[in-house]
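This report refers to the structure that appears directly beneath it.
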Amino acid sequence: MKEINDIIAENLKLYRKQNGYSLEYLSVLTEVSKTMLGQIERKESVPSITTLWKIAEGLKVSFAELTQDNEEFAKKITIQDIQSLSSSEQKYSVYPYFKFDIAKKFESHMVVIEPGGTMNGETRGSSANEYITVFDGTLTLILGDERVVVKKDESLKFNGNTFHKYLNEHETTMRMNMIIHY
């Protein structure tokens, strides 16, 4: 298991470089000296909680992102890695590529609905939004009392608290990406 100071050093350097910040510029943003930032990155100094908060605010990341191990900065997921949720009766499958992440407050799924298939959407709370993009076929979405048709290469955002139902009323399989942000 990594030591907390190693994790902080790696994350500080990663987020600083991702933003294209020099130590000097980050020092201005955080009000932490360039020397101290360099010592933290080189694992020569143990930052105080106050210093960590200043760094997190300056980098515009959460305190948790700065202090938690991010071993997998890139994670490739294949369809073989996922256990789908399917209904043969209603002719759909959901592939949860990225399960709910409490820190980021989102989840992402691939949804496949066969011709004649339906999938009921769950109401998700007043602050939830759903973002869908259709990649194959055509989706009919019932949103409250409205019917919205979303065709291949089209996207739609809607309030996840609204009653909704996904339908494939066409002759070809419909495949879409669904992102839910809470």
Taking segment 32-54 and the residues there that are crowded, with 16+ Cβ neighbours inside 10 Å and of a type in the set (A, V, I, L, M), the one that is modelled with the lowest pLDDT would be Leu52
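If you scan segment 163-182, which residues turn out to be part of a strand (DSSP E or B) and of a type outside the set (Phe, Trp, Tyr)? Please lay out each step first, then the result.
Step one: of segment 163-182, the residues part of a strand (DSSP E or B) are 164-167, 174-181.
His164, Lys165, Leu167, Met174, Arg175, Met176, Asn177, Met178, Ile179, Ile180, His181 - these are the residues of segment 163-182 that are part of a strand (DSSP E or B) and of a type outside the set (Phe, Trp, Tyr).
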Options Ser155, Ser84, Ser126; residue that is of a type in the set (Gly, Ala, Ser) and under 26 Å from Ser62 (Cα atoms)
Ser126
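Being in a strand (DSSP E or B) and at pLDDT 95 or above is the filter here, so list the residues in segment 110-126 that pass it. Outline the logic, then answer.
Here is the first cut: in segment 110-126, the residues in a strand (DSSP E or B) are 110-113, 118-120.
Of everything in segment 110-126, those that are in a strand (DSSP E or B) and at pLDDT 95 or above turn out to be Met110, Val111, Val112, Ile113, Thr118, Met119.
Across segment 162-182, which residue is farthest from Glu146 (Cα to Cα) among those that are of a type in the set (Phe, Trp, Tyr) and surrounded by fewer than 20 Cβ atoms within 10 Å (Cβ to Cβ)?
Here the answer is Tyr182.
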Pick from Lys17, Lys76: which is closer than 30 Å to Gly117 by Cβ and of a type in the set (Lys, Arg)?
Lys76
Among the residues listed as Thr35, Thr67, the single one being within 28 Å of Lys105 (Cβ to Cβ) and among the polar types (S, T, N, Q):
Thr67
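From Glu24, Glu57, grab the single residue that is touching a helix residue (DSSP H, G or I) at 6+ places or on another chain (Cβ under 6 Å), assigned to a helix (DSSP H, G or I) and surrounded by fewer than 16 Cβ atoms within 10 Å (Cβ to Cβ). Explain how you work it out, then say what you get.
Details: Glu57 fails: touching a helix residue (DSSP H, G or I) at 6+ places or on another chain (Cβ under 6 Å).
None of the others qualify; the one that does is Glu24.
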Ser88: passes all of (1) under 30 Å from Asn177 (Cβ atoms); (2) of a type outside the set (D, E, K, R); (3) surrounded by 12 or more Cβ atoms within 10 Å (Cβ to Cβ) but (3)
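The values are calculated or read from the model by the stated rules, or taken from the named source; none is laboratory data. Since the model is a prediction, treat every value here as computed from it, not as a measurement. Glycine gets a Cβ as well: all are built from the backbone with ideal geometry, and neighbour counts include every protein chain shown.
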